[in-house]
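What follows is a single structure, written as structure tokens, with notes after it.
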Amino acid sequence: MSPAATALPASAGSASRGLWTLAWSRLTRDRVGFASLAIVVFYVVVMCASAAGLIAGDWSREVGVSYAPPGFQGPDDPVARSATAPTVVPESAVEDLGIPDPLAGVLAEIRRGLTGAAGAETAAATLPLGGDKWGRDVLEKAIKGTETSMIVGLVAAGLAVLLGTVFGAQAGYRGGRVDDFFNWIYSVFTAIPYLLLVLAIAAVLNQKGTLTVILILGLTGWTGTFRLVRAEYLRHKAREYVLAADAIGASHRERMYRHILPNVSHVVLVQLSLHVVLFIKSEVILSFLGFGVGVDTVSWGSMLNEAQSELLLGIWWQLAAATVAMAVLVTAFSLFTDALRDALDPRLR
Amino acid sequence: MLAYVIRRLWQFVPTLLGVMALVFLLFNWIGGDPAYLLAGKIPDPERIENIRRQLGVDQPWYLQFWIFMKQVATADFGVSWATNERVSAIFTTRLGPSLTVLVPMLVISTVLAMAAAMLVAYWRGSLTDRAIMIGCTVGQSISILVYILVFQYVLAYRWGWFPVQGWGSGLAQNLLFYGALPILVGVVVSLAPDIRLYRSFFLEEVSQDYVRTARAKGMSEPRVMWVHVLRNAAIPVVTNVMTQLPGLLVGAFLIERFFSIPGIGREVILAVERSDFPVIKAVTVYVAIATMILNLLADLIYKAVDPRVELK
């Protein structure tokens, strides 16, 4: 795409440039927006690689000692393990109070047996981004969490924006009773605060899973897109080009989706981008509360949930990994959305 | 004016019916038979039959909907399935703690965000403007969960500046002792999105003709901003705050949950965890009603402070 965009200014005099090539050249000129796009693309690549099993396929393997601290000691030599393992593992709250643990001897024996059994393979004393309670690699968990959160965000946003666009097109184009009906549904959905609606549906469905989260977010999140797309269709349906399409015999459906839709697609695209951010944030909260993805799936929300109790032990790396992974993506996506809006609709600047 | 209010109130009827139909559909149709939820682990057919009769689930759907409508009209949703507490009592006792945290939070964050937004709009396009805007975008992209976890851990658990969690009985104690950290977290979280939004309100006003006129007749820049721009930009801010309020009542549930504040939001989470349908139904319907009324009030205030606005 970029060679076409860079080649265009030379030939700009001969042929007028379309909306998309113009927008693309504006986007490449916006350095912040372009850098954000690069980061988003990187995350998408990570997501695809993870979904295809190329990376982080064995995130659930217990590769390190429990709560392995972050570092690059790498897979372990026995000396390092015997040096670190006793200092990390037996930190229990009871000993802090000065009361001797009556089971300490027994537990130590069991623990020695366990680490011995696990250590027969390779139990690393440190992992690049640390380990969790079961010694799973936090880096791999963060990658897997990226996959889950991105898939939920992208698919749910796609569903919500699709619904919003179709409803908005029908309401705005057809008007009359159809418009009244969709406006009624819209007023019902917006009368209930968004998070309350999401929680109410989560309570009713009472089953976890990635698909459930996608459906909940997608089926409740279409209202914003609907309002904007409906307004656009109201403006566009009386324009000359639509009347011309009518004159050459285009059906209603053709006029709605082949003629008007490309002209309002910039609104749809910006909405899509906005909703991905919103839904990634919502998914994290839902999963954190335990209404989100299933227990065998890792997401940023479930990582934060584990981090909640880890923090009391001073284990901060899982919290940091999930926070940074999410913050970088959401920041990049938000900046990209702003750049996209500026590029597609320069009047707003 | 009166005709407008009456027409708006009349429009509430179909919306409210829609909300009730949606809630009814969710809980009575998709939610499955509540008797199985209530009867416990070992369902005994006789007991299930009993519960079904008590709840009216054995009636045809239109009678059930009629029961539901009566519940909404009389504000009597019966008792909570989990605790046997009256739903109306749950509401009245939980509203106080919620508002104790929400009102100061909303006031402080609105004032701070407006001040920051006005400064940023004044310096628009400068490096400060861009830096603060990027800071807001980054701040907004961190999950509210992280703010709560880190603030609670560092400020309360580690440094001991605030109580980690809890709730007392006196208003002063709650507000200043237990409420301080939750309010602080709430303000910090809402600051970033508010500054971004209010900045756009201020920028909208700064480019208006009356600002140019004020400058042309030699008015000082601070006076232009404080007297002319602030007054006009405050109008959308007020309506924004008013329309946000019902959402915040529920939206503060994470803060209430982490700091053990016995508010509405925490009650919603507990109800969702326990499949306590009467509580969720009541909250959904009444918060929807509150939303509609506050939206109407926001429009009326808009009209009162800006006579150019036409209500239609």
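The values are calculated or read from the model by the stated rules, or taken from the named source; none is laboratory data. Note that the structure is a prediction, hence the values are computed from the model and not measured. When we count neighbours, we look across all protein chains shown, and the Cβ atoms used for this are built from the backbone with ideal geometry, even at glycine. SASA here: full protein model, heavy atoms, side chains in, ligands and nucleic acids out. Shrake-Rupley method; radii C 1.70, N 1.55, O 1.52, S 1.80 Å.
Criterion first (open to solvent by 60 Å² or more (accessible area, probe 1.4 Å) and touching a helix residue (DSSP H, G or I) at 6+ places or on another chain (Cβ under 9 Å)) does residue A:181 satisfy it? So that I can check it myself, show each step before the final result.
On the way: open to solvent by 60 Å² or more (accessible area, probe 1.4 Å): yes; touching a helix residue (DSSP H, G or I) at 6+ places or on another chain (Cβ under 9 Å): yes.
Criteria met by residue A:181.
Go through the range B:72-87 and report how many residues are in a helix (DSSP H, G or I), among the polar types (S, T, N, Q) and in contact (Cβ under 8 Å) with a residue 60 or more places away in the chain. Walk me through it before giving the result.
Looking only at the range B:72-87, we keep the residues that are in a helix (DSSP H, G or I), and these are B:72-74, B:87.
Restricting the remaining residues to those that are among the polar types (S, T, N, Q) gives B:74.
Next, only the ones that are in contact (Cβ under 8 Å) with a residue 60 or more places away in the chain stay: none.
Here the count works out to 0.
Name the residues in the range B:50-88 that are of a type in the set (D, E, K, R) and at pLDDT 75 or above, would you?
Start the filter on the range B:50-88 by keeping residues that are of a type in the set (D, E, K, R), which leaves B:52-53, B:58, B:70, B:76, B:85-86.
Across the range B:50-88, the qualifying residues are B:70, B:76, B:85, B:86.
Of the residues that make up the range A:28-39, is at least one under 22 Å from residue A:318 (Cα atoms) and modelled with pLDDT of 70 or more? Give the derivation first.
Of all residues in the range A:28-39, those under 22 Å from residue A:318 (Cα atoms) come to A:39.
When the remaining residues are screened for being modelled with pLDDT of 70 or more, the result is A:39.
For the range A:28-39, residues under 22 Å from residue A:318 (Cα atoms) and modelled with pLDDT of 70 or more: present.
When residues of the range B:109-135 are filtered for being within 28 Å of residue B:253 (Cβ to Cβ) and open to solvent by less than 40 Å² (accessible area, probe 1.4 Å), how many remain?
Just the residues of the range B:109-135 that are within 28 Å of residue B:253 (Cβ to Cβ), to begin with: B:109-114, B:116-117, B:135.
Okay, now just the ones that are also open to solvent by less than 40 Å² (accessible area, probe 1.4 Å), so B:109-110, B:113-114, B:116-117.
Count: 6.
Out of all the residues in the range A:186-199, which are more than 22 Å from the chain's Cα centre (by Cα) and facing chain B (nearest Cβ under 7 Å)? Lay out the reasoning, then the answer.
So the first thing to find is which residues in the range A:186-199 are more than 22 Å from the chain's Cα centre (by Cα), and the list is A:186-192.
A:187, A:188, A:191, A:192, listed by residue number.
On the basis of being touching a His at 6+ places or on another chain (Cβ under 8 Å), within 26 Å of residue A:32 (Cα to Cα) and more than 10 Å from every other protein chain (Cβ to nearest Cβ), does residue A:344 make the cut?
yes
Six or more apart or on different chains, Cβ atoms under 6 Å: show the pairs whose first residue is in the range B:132-145 and within 8 Å of another protein chain (Cβ to nearest Cβ) and without any contact (Cβ under 8 Å) to a residue 12 or more places away in the chain and whose second is buried (at least 22 other Cβ atoms within 10 Å of the Cβ) and not acidic (Asp, Glu).
Listed by first residue and then by second, the contacts come to B:141/A:330; B:143/A:284.
If the Cβ limit is 8 Å and pairs must be 6+ apart or interchain, which residue in the range B:3-24 that is basic (Lys, Arg) pairs with which residue that is assigned to a helix (DSSP H, G or I)?
B:8/B:296; B:8/B:299
Pairs, please: C-beta under 8 Å, at least 6 apart or cross-chain, first residue closer than 13 Å to residue A:328 by Cβ and in the range A:33-52, second loosely packed, with under 14 Cβ neighbours inside 10 Å?
From the range A:33-52, no pairs qualify.
Tell me, please, whether a residue that is at the interface with chain A (Cβ under 8 Å from one of its Cβ atoms), without any contact (Cβ under 8 Å) to a residue 60 or more places away in the chain and of a type in the set (A, V, I, L, M, F, W, C) can be found in the range B:213-236.
Residues of the range B:213-236 at the interface with chain A (Cβ under 8 Å from one of its Cβ atoms): none.
Within the range B:213-236, none of the residues are at the interface with chain A (Cβ under 8 Å from one of its Cβ atoms), without any contact (Cβ under 8 Å) to a residue 60 or more places away in the chain and of a type in the set (A, V, I, L, M, F, W, C).
I'd like the full set of residues that are within 14 Å of another protein chain (Cβ to nearest Cβ), under 24 Å from residue A:41 (Cβ atoms) and not polar (S, T, N, Q), limited to the range A:237-295. If you could, list the steps in order and put the result at the bottom.
To start, the set of residues in the range A:237-295 that are within 14 Å of another protein chain (Cβ to nearest Cβ) comprises A:273-274, A:276-292.
Checking which are under 24 Å from residue A:41 (Cβ atoms) leaves us with A:273-274, A:276-284.
Residues satisfying the conditions are A:274, A:276, A:277, A:278, A:279, A:280, A:281, A:283, A:284.
Taking the range B:237-258 as the search range and keeping residues that are in contact (Cβ under 8 Å) with a residue 60 or more places away in the chain and away from chain A (no Cβ under 14 Å), which one is nearest to residue B:270 (Cα to Cα)?
B:241
Residue by residue, here is whether (1) open to solvent by 10 Å² or more (accessible area, probe 1.4 Å); (2) of a type in the set (A, V, I, L, M, F, W, C); (3) free of Cβ contacts under 8 Å to residues at least 40 places away in the same chain holds:
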site: B:173; (1), (2), (3): yes, no, yes
site: B:177; (1), (2), (3): yes, yes, yes
site: B:189; (1), (2), (3): yes, yes, no
site: B:195; (1), (2), (3): yes, yes, no
site: B:260; (1), (2), (3): yes, no, no
site: B:275; (1), (2), (3): yes, no, no
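Which ones in the range A:200-210 are within 13 Å of residue A:283 (Cα to Cα) and facing another protein chain (nearest Cβ under 7 Å)? Outline the logic, then answer.
Within the range A:200-210, the subset within 13 Å of residue A:283 (Cα to Cα) is A:202, A:208-210.
If the condition is that a residue be within 13 Å of residue A:283 (Cα to Cα) and facing another protein chain (nearest Cβ under 7 Å), then A:202 is the only one that fits.
Please state which one of A:139, A:129 is at pLDDT below 90 and part of a loop (DSSP other than H, G, I, E, B).
A:129
The rows are residues; the columns are (1) surrounded by 19 or more Cβ atoms within 10 Å (Cβ to Cβ); (2) in contact with a Lys or Arg (Cβ under 6 Å, 6 or more places away or on another chain).
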{"residue": "B:207", "(1), (2)": "no, no"}
{"residue": "B:219", "(1), (2)": "no, no"}
{"residue": "B:246", "(1), (2)": "yes, no"}
{"residue": "B:256", "(1), (2)": "yes, yes"}
{"residue": "B:282", "(1), (2)": "yes, no"}
{"residue": "B:296", "(1), (2)": "no, yes"}
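Identify, from the list A:171, A:123, the residue that is over 30 Å from residue A:40 (Cβ atoms), crowded, with 17+ Cβ neighbours inside 10 Å, under 36 Å from the mean Cα position of the chain (by Cα) and modelled with pLDDT under 70. Outline the logic, then answer.
Details: A:171 fails: modelled with pLDDT under 70.
Step by step, each of A:171, A:123 is checked, and only A:123 is over 30 Å from residue A:40 (Cβ atoms), crowded, with 17+ Cβ neighbours inside 10 Å, under 36 Å from the mean Cα position of the chain (by Cα) and modelled with pLDDT under 70.
Just name the residue that is modelled with the lowest pLDDT out of those in the range B:10-49 that are away from chain A (no Cβ under 14 Å) and open to solvent by 80 Å² or more (accessible area, probe 1.4 Å).
B:41
Of the numbered conditions (1) within 30 Å of residue A:310 (Cα to Cα); (2) among the hydrophobic types (A, V, I, L, M, F, W, C); (3) loosely packed, with under 15 Cβ neighbours inside 10 Å; (4) modelled with pLDDT under 75, residue A:19 fails exactly one; give the number of that condition.
Against the list (1) within 30 Å of residue A:310 (Cα to Cα); (2) among the hydrophobic types (A, V, I, L, M, F, W, C); (3) loosely packed, with under 15 Cβ neighbours inside 10 Å; (4) modelled with pLDDT under 75, residue A:19 comes up short only on (1).
Of the residues B:138, B:87, B:150, B:154, which single one is open to solvent by less than 20 Å² (accessible area, probe 1.4 Å) and either closer than 24 Å to residue B:180 by Cα or out of contact with any Leu (no Cβ under 8 Å at 6 or more places or on another chain) (or both)? Show your work before the answer.
Details: B:138 fails: open to solvent by less than 20 Å² (accessible area, probe 1.4 Å); B:150 fails: open to solvent by less than 20 Å² (accessible area, probe 1.4 Å); B:154 fails: open to solvent by less than 20 Å² (accessible area, probe 1.4 Å).
Answer to the check: B:87.
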